[in-house]
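The values are calculated or read from the model by the stated rules, or taken from the named source; none is laboratory data. Every value quoted in this text rests on a predicted model; they were computed, and no experiment measured them. Cβ sites come from the backbone with ideal geometry, for glycine too, and all protein chains shown count toward neighbours. Side chains included, ligands, DNA and RNA excluded: accessible areas come from the protein's heavy atoms. Shrake-Rupley method; radii C 1.70, N 1.55, O 1.52, S 1.80 Å.
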Amino acid sequence: MERRVPPPEPAARAVAAGSSVIRAALALTARPEVISLAGGLPASELIDTEGIRAAYDSVLHESGHRVLQYSITEGDPQLREIIAVRLAGQGLPSNPEQLLVTTGAQQALALLAHTLLEPGDAVVVEDPTYLAALQCFASVGARVIPVPTDDEGIVVDALAKIAVTERPKLLYLVPTFQNPTGRTLPMDRRRAVARLAAERGFWIAEDDPYSELRFRGEHVPRIASLSEAADRTVLLGSLSKVLAPGMRLGWLHAPPGLRHVCTLSKQALDLHTSAVDQAAAARYLTEHDLDSRLVHARATYGERCDVLLDELSQVLPSGSTWSRPEGGMFVWVRLPRGFDATALLPDAVANGVAYVPGAPFFAGPGDPATLRMSFATHDPARIRVGVRRLAQVFTQPGGG
Ligand code: PMP
């Protein structure tokens with residue numbers, strides 16, 4: 001009889017990416033009775049389904065053959081022009097030749113990792129940081145080096161030391177309303193980071209999906225707009241949080257040389273991002289006033305954030321601390337020592353509420369007492385009910 005040979009193993013880089021506990025948590029919380037404060041989902045009622053539908057209708061009606069054809073890898077020229085004008089209006093001089101439209105900012109991140117990093121290259125990250133970025137860097141075999149953070153974000157002195165010892169190729173930051181902590185890196189640290197990048201010769205990936213969702217405080221300029229690091233900063237942007245995540249539209253804004261190489265990587269990966277989605281987004285942004293919709297979105301998120309903070313102050317065990325974001329979608333909680341947010345999650349879900357345990361967001365040793373909550377998805381009444389359900393779970397350390 002013929003001997004059966006087992007199929008080949010998957011490539012090490014596919015396995016290295018690991019699975020996302022957030023995706024797993026979302027699956028766990030699909031039951032309608034569970035109030036999930038876990039996922040970073042924009043409020044559904046803020047998504048302009050009618051306006052977006054009309055935009056798809058018009059582009060299909062007027063230029064169906066064009067938008068349903070293959071298109072160029074760089075992305076829809078009109079959409080890039082609109083994004084460049086928006087960025088320039090926000091203080092980042094920009095032109096369409098610096099932009100590559102991607103399938104969400106997530107693809108921009110994956111392209112950047114693929115384009116810049118050899119296995120073993122050092123990438124420095126804030127600790128904690130965006131989980132899917134850790135997966136992305138792991139999948140290309142990079143060495144991920146955590147840098148400590150405080151309430152204002154990455155600690156620059158620690159970064160400076162690591163930059164000497166590890167000679168990183170890339171620093172990955174979410175400087176504004178960070179996922180998972182909600183923190184914003186102040187201007188002096190942005191400048192210091194930019195200077196360090198220039199001195200030590202590394203790239204900065206500035207992942208910026210949330211900065212248009214500021215509901216308090218003053219705008220802080222992007223690192224990409226600082227002269228010290230403009231030639232070595234790659235800005236990753238997204239329409240997910242301001243328009244609709246399901247359209248999967250994001251972009252990478254980079255100096256032309258790097259953008260070109262990322263474009264070649266994207267060509268090999270998926271040829272281009274959906275032309276009809278790009279055209280519909282361009283049409284929407286031309287015919288609708290996104291900025292006035294954002295005024296409403298910010299007010300909505302600001303109110304929800306206040307409600308969450310207010311409830312947390314009433315229900316968390318004494319000794320807990322939490323962030324007070326000025327925008328974005330997330331609050332980061334640290335329970336008193338001895339609590340284990342991962343172990344307590346099943347009890348929370350059984351009680352009808354979910355959050356994301358914080359430990360997986362750390363590249364270094366995870367702090368088991370931390371967790372992330374989103375205030376974006378639910379209305380104030382549901383947020384209150386959700387947090388009160390937590391009160392019964394966070395009564396004593398440990399879980400189960
Ligand atoms: N970066 C960060 C920091 C995020 O929080 C997210 C979304 N969760 C992304 C990138 C990916 O966004 P997109 O939907 O544009 O792929």
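General observations
Conditions (1) away from the ligand (no atom under 16 Å from the Cβ); (2) in a loop (DSSP other than H, G, I, E, B), marked per residue:
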| site | (1), (2) |
| --- | --- |
| GLY75 | no, yes |
| GLU81 | yes, no |
| ARG86 | no, no |
| LEU92 | yes, yes |
| LEU111 | no, no |
| THR115 | yes, no |
| VAL125 | no, no |
| GLY141 | yes, yes |
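- Set side by side, the residues ILE47, ILE52 differ, and just one is closer than 30 Å to ARG304 by Cα, in contact with a helix residue (DSSP H, G or I) (Cβ under 8 Å, 6 or more places away or on another chain) and aliphatic (A, V, I, L, M), which is ILE52.
- Within the stretch 174-187, residues that are open to solvent by 30 Å² or more (accessible area, probe 1.4 Å) and outside any loop (DSSP other than H, G, I, E, B) have Cβ atoms under 8 Å from residues that are away from the ligand (no atom under 12 Å from the Cβ) and modelled with pLDDT of 95 or more in these pairs: MET187/VAL220; MET187/PRO221, counting only partners at least 6 apart in sequence or on another chain.
- Among all positions in the stretch 194-213, there is at least one residue which is within 16 Å of the ligand (Cβ to nearest atom), among the small types (Gly, Ala, Ser) and either assigned to a helix (DSSP H, G or I) or within 20 Å of the chain's Cα centre (by Cα) (or both).
So that you can scan it fast, the table gives a plain yes or no per residue for (1) at pLDDT 95 or above; (2) open to solvent by less than 10 Å² (accessible area, probe 1.4 Å):
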position: GLY327; (1), (2): yes, yes
position: ARG334; (1), (2): yes, no
position: LEU345; (1), (2): no, no
position: LEU371; (1), (2): yes, yes
position: SER374; (1), (2): yes, yes
position: ASP379; (1), (2): yes, no
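- Candidates LEU264, LEU316, LEU236, filtered to the one that is open to solvent by less than 10 Å² (accessible area, probe 1.4 Å) and at pLDDT 95 or above: LEU236
- Test set (1) more than 8 Å from the ligand (Cβ to nearest atom); (2) more than 19 Å from ALA197 (Cβ to Cβ) - ALA224 fails condition number: (2)
- The listed residue being open to solvent by less than 30 Å² (accessible area, probe 1.4 Å) and at negative phi, out of VAL124, VAL164: VAL124
- Residue that is farthest from the ligand (Cβ to nearest atom), among those in the stretch 94-109 that are assigned to a loop (DSSP other than H, G, I, E, B) and touching a helix residue (DSSP H, G or I) at 6+ places or on another chain (Cβ under 6 Å): ASN95
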